[in-house]
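Remarks on the structure that follows.
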Amino acid sequence: MEVFTQSLLDQALALGKLFTKDGKVADYIPELSMQNPHLLGLASYQDGRLLTAGHADIPFTIQSIIKVALYSIVLEHYSMDELRHYVGVQPSAKPFNSVIELELSNKNVPVNPFINAGAIVTVALIHRVYGDRSREVIADRLANLIGRKADYSEKVKASESATAYGNRTLIYLMLSCKILPADLPVEEILDIYFTSCSFLVTCRDLAHFSFVLSNEGKDEDDRPILSRVNAQILRSLMASCGTYDYSGEFALRVGLPAKSGVGGGILTASPDPFGLAVFGPALDKHGNSYAGVRMLEFLSQALNLSIY
Ligand code: GLU
């Protein structure tokens with residue numbers, strides 16, 4: 001494959017800047033509505049070289065991108081057959097917080113681990129294994145994936161927790177249809193979920209995370225962070241479910257497995273060993289960084305990155 005250059009990243013950034021006005025920052029979590037919609041950054045990691053452009057060092061909350069790390073933990077404790085009883089592996093045609101999708105899905109099982117219902121079940125499964133240690137286990141997994149220990153934003157977490165009517169609806173619905181056990185510590189599970197979504201990361205961090213997924217689970221020092229098989233499972237799910245109900249269009253435009261978050265980050269992955277991530281908090285109507293998708297589309301075409 002071809003090589004990332006500073007000039008290409010700069011060109012992607014210049015193009016992306018034309019589109020920040022076309023997105024809208026998330027406002028259903030009040031604290032996220034304070035973000036500057038014109039922030040924009042990207043980072044690549046290849047052959048031991050990290051390249052950045054724009055606001056690649058500005059921290060933002062990881063939001064749904066953490067769902068990749070959460071699912072990586074349960075993959076180590078449950079077989080795929082066991083997991084299917086709690087969370088599926090099918091793309092979703094509905095928004096990430098949809099209640100109706102959960103009501104209509106087979107046996108009320110969330111369709112995949114990257115929508116909110118699926119991620120909440122994933123946290124409950126982590127909690128079943130680790131109990132009180134769950135927060136620490138999740139923080140350690142993220143640290144291994146990004147190459148440093150991340151803090152989380154108390155403000156964003158509190159803001160989400162205070163307004164999480166939708167996520168509370170989802171968890172109680174899953175209790176009522178017995179996907180989750182009646183004795184589940186509901187507020188504790190939600191607290192772990194909100195904390196996880198509030199970790200502060202940068203594009204630079206996500207380029208490392210991306211590299212681990214794309215380098216068969218090993219980091220730049222060749223340390224195994226994920227098994228080769230689990231890295232492949234995560235890439236497959238990112239390809240089919242990672243950009244919400246935009247995943248089909250994203251496959252055409254960019255052609256890389258990816259996971260986006262409403263904080264504005266997009267983490268990509270590839271079968272080739274490079275890392276690539278973008279950040280821009282102004283989102284499309286599905287929840288993906290609007291300018292971020294355009295920057296990735298540009299780079300995918302310039303470097304022939306599509307896996308399809
Ligand atoms: N914490 C967010 C929520 O639960 C994550 C959503 C996202 O990034 O897609 O609504």
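The values are calculated or read from the model by the stated rules, or taken from the named source; none is laboratory data. Computed from a predicted model, the values in this text were never measured in an experiment. Here the Cβ positions follow ideal geometry from the backbone for every residue, glycine too, while neighbour counts run over all protein chains shown.
Take residue 54 and decide whether it is surrounded by 20 or more Cβ atoms within 10 Å (Cβ to Cβ) and within 30 Å of residue 225 (Cβ to Cβ).
yes
Would you pick out the residues in the range 171-200 that are of a type in the set (Gly, Ala, Ser) and in contact (Cβ under 8 Å) with a residue 24 or more places away in the chain?
Matches in the range 171-200: 196, 198.
If the requirement is being of a type in the set (A, V, I, L, M, F, W, C) and over 23 Å from residue 283 (Cα atoms), which of these qualifies: 99, 68, 74?
One residue alone meets the criteria, 74.
Residue-by-condition table, conditions (1) in contact (Cβ under 8 Å) with a residue 60 or more places away in the chain; (2) among the small types (Gly, Ala, Ser); (3) within 14 Å of the ligand (Cβ to nearest atom); (4) part of a helix (DSSP H, G or I):
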{"residue": "11", "(1), (2), (3), (4)": "yes, no, no, yes"}
{"residue": "16", "(1), (2), (3), (4)": "yes, yes, no, yes"}
{"residue": "33", "(1), (2), (3), (4)": "no, yes, yes, yes"}
{"residue": "45", "(1), (2), (3), (4)": "yes, no, no, no"}
{"residue": "70", "(1), (2), (3), (4)": "yes, no, yes, yes"}
{"residue": "86", "(1), (2), (3), (4)": "yes, no, no, no"}
{"residue": "89", "(1), (2), (3), (4)": "yes, no, no, no"}
{"residue": "95", "(1), (2), (3), (4)": "yes, no, yes, no"}
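Please state which of the following conditions residue 128 fails to meet, knowing it meets all the rest: (1) closer than 21 Å to residue 113 by Cβ; (2) modelled with pLDDT of 95 or more; (3) more than 19 Å from the chain's Cα centre (by Cα); (4) within 16 Å of the ligand (Cβ to nearest atom).
It fails just one condition, (4).
If you take the residues of the range 258-275 that are crowded, with 24+ Cβ neighbours inside 10 Å and out of contact with any Lys or Arg (no Cβ under 9 Å at 6 or more places or on another chain), which of them is nearest to residue 306 (Cα to Cα)?
Result: 258.
Give the residue, chosen from 128, 135, that is closer than 17 Å to residue 73 by Cα, in contact (Cβ under 8 Å) with a residue 40 or more places away in the chain, assigned to a helix (DSSP H, G or I) and charged (D, E, K, R).
Answer to the selection: 135.
Quick one: how many residues across the range 97-122 are touching a Lys or Arg at 6+ places or on another chain (Cβ under 6 Å), within 12 Å of residue 244 (Cβ to Cβ) and either within 13 Å of the ligand (Cβ to nearest atom) or among the β-branched types (Val, Ile, Thr) (or both)?
So the answer is 1.
Can you pull out the residues in the range 212-227 that are surrounded by fewer than 16 Cβ atoms within 10 Å (Cβ to Cβ) and not charged (D, E, K, R)?
Answer for the range 212-227, where residues must be surrounded by fewer than 16 Cβ atoms within 10 Å (Cβ to Cβ) and not charged (D, E, K, R): 224, 227.
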